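One structure is given here, and the rest of the page talks about it.
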Amino acid sequence: MSLSRSVLRPVVRSVVRPVLGTRLKPPAQRRAIDTLTALAVLPKGTLHRAERLGGVPGEVVTTPASSRTRVLLYLHGGGYTVGSPQTHRAAVAHLAHAAGATAHLLDYRLAPEHPYPAAVDDALAAYRSLLDAGTPAGSIVVAGDSAGGGLSLALALRLQQAGLPQPAALGLISPWVDLRLTGLLELDDPLLTRAWLTRCASDYTGGDTTLLDLPEVSPLLADTAALAALPPLFVHGASDEILLADIERFVDAARAARATPADVRYRRLEGHWHVTHLYAGLMSEATAVVGEMGGWLGEALGG
């Protein structure tokens, strides 16, 4: 099966975007999004099973290309309020397949029931568990989309504070890097709306607007030293998403902070909207961009 962007775009706009609005509360949104993502096309031979990593629930996802010694820790998107292993299983399976890695898809705690710093604490607990199990940091890559991309950066910043080794690389798919929402573009995004992002930011911070200025919440605000200490970054942004300007501001800041700007690899995906990667297996262009990100992460893992 292979659908085109021109076919999927109106479906996303008319079916998915209304769910990610302000009419439904997060628990109802979660149920609806899980249902909408029930149709998934995984790489042939994909296996997945439940696990707990550092006490945090999630899934192990493997394909015939996965190596036990190459590890992908994946943090899903969803505005810190929705998302699950089911919503992201297909994208993560294709990403793990391209990277030749065993994926751990974390089901971290969500807001508003569990506001910041619960998600960062869960990500740190899972990463520590991988290290404690004997996995070298250089054999781990961390990736995430949207809020999961911001959470990947928050994890890396927390690792700096804790004096723990950084992963081999971060893969950031349309990362949400500024929850202040001051840099949103005014364009017709097929998926995201300012109203929903505003509610998600409030839910994640428990309504405490002072938290929006923390780099763990808005990684765009990380200082030069923190940006310089991040591992190599692989970043995708989409031409048709309202987060694009913030993503590119973050890329510019990360490059400016580093002695080797080439450690920050970025591509703007023309004609794509926010995290089209979720349709890997269903849409050939989505499978291709997931394959590109997986190839970059595979390079970082030494293959």
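Hey, what number do you get for the chain at 222 nm if only DSSP H runs of n ≥ 4 count, each worth -39500 (n - 2.57), divided across all residues, to the nearest 500?
Per the formula, -11500 deg cm²/dmol.
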Point to revise | Taking all pairs of distinct alpha-carbon atoms in segment 93-238, Kirkwood radius in angstrom | key: 15.9
**Study point:** 5 angstrom amide H check on LEU75, placed H, neighbours 5+ away
**Key:** ALA143, GLY144, ASP145
**Study point:** Residue-by-residue Karplus 3J(HN,Hα) for segment 289-299, coefficients 6.51, -1.76, 1.60, Hz, glycine and proline x
**Key:** 6, 5, x, 5, 4, x, x, 4, 5, x, 4
Point to revise | Solvent-free Debye scattering, log10 I(q)/I(0), computed from the Cα coordinates of segment 159-237 at q = 0.18 Å⁻¹ | key: -0.90
Check your understanding: When the Karplus curve 6.51 cos²θ - 1.76 cosθ + 1.60 is applied with θ = phi - 60°, which whole-Hz ³J(HN,Hα) does each residue of segment 156-171 get, with x for Gly and Pro?
Key -> 4, 5, 5, 4, 4, 5, 7, x, 9, x, 7, x, 5, 6, 10, x
Revision key, fill the gap. At the level of C-alpha centres, the distance separating segment 260-291 and segment 181-214, in angstrom, is 23
Check your understanding: With springs only between Cα atoms under 10 Å, which of THR287, THR69, THR46 fluctuates most in a Gaussian network model of the chain?
Key -> THR69
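Provide the per residue accessible area, probe 1.4 Å, for segment 55-183, rounded to a whole number of square angstrom.
Numbers: 3380 Å² over 129 residues.
Per residue, segment 55-183 has an accessible area of 26 Å².
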Revision key, fill the gap. Percent antiparallel among DSSP beta bridges confined to the chain, rounded to 5, stands at 30
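I'd like the antiparallel share, as a percent to the nearest 5, of DSSP beta bridges with both residues in segment 122-257.
Numbers: 0 of 9 bridges.
Percentage antiparallel, nearest 5: 0.
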**Study point:** Binned Cα-Cα distance frequencies in segment 144-303 - 10 Å width, integer %
**Key:** 11, 41, 36, 12, 0
Point to revise | 5 angstrom amide H check on ALA238, placed H, neighbours 5+ away | key: LEU269
Check your understanding: Between Rg and the Kirkwood Rh of segment 93-165, both from Cα atoms, what is the Rg to Rh ratio?
Key -> 0.96
Check your understanding: So, by mean Cβ neighbours within 10 angstrom, what's the order for 203-211, 256-264 with the highest one leading?
Key -> 203-211, 256-264
Check your understanding: What is the set of long-range amide H partners of THR102 at a cut-off below 5 Å, with H atoms built 1.01 Å from backbone N?
Key -> SER67, ARG70, VAL71, LEU72
Practice item. Specify the inter-centroid distance of segment 1-63 and segment 107-123, based on alpha-carbon positions, in whole Å. Key: 19
Exercise for review: Provide the per-residue ³J(HN,Hα) series for segment 210-219, in order, calculated from phi with Karplus coefficients 6.51, -1.76, 1.60 and θ = phi - 60°, each as a whole number of Hz, with x at glycine and proline positions.
Suggested key: 5, 5, 4, 8, 7, x, 5, 9, 10, x
Check your understanding: Per residue, how much space in cubic angstrom lies within the convex hull of the C-alpha atoms of the chain?
Key -> 114
Review point. Given a 1.4 Å probe and the protein chains all in place, what does the accessible area of ASP189 round to, in Å² to the nearest 10?
Key: 0
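The values are calculated or read from the model by the stated rules, or taken from the named source; none is laboratory data. Please read these numbers as outputs of a predicted model, since none were measured by experiment. Reconstructed Cβ throughout: ideal geometry from the backbone, glycine too, with neighbour counts over all protein chains shown. Ligands, DNA and RNA are stripped out before the accessible areas are found, and what is left, the full protein with its side chains, is counted by its heavy atoms. Shrake-Rupley method; radii C 1.70, N 1.55, O 1.52, S 1.80 Å.
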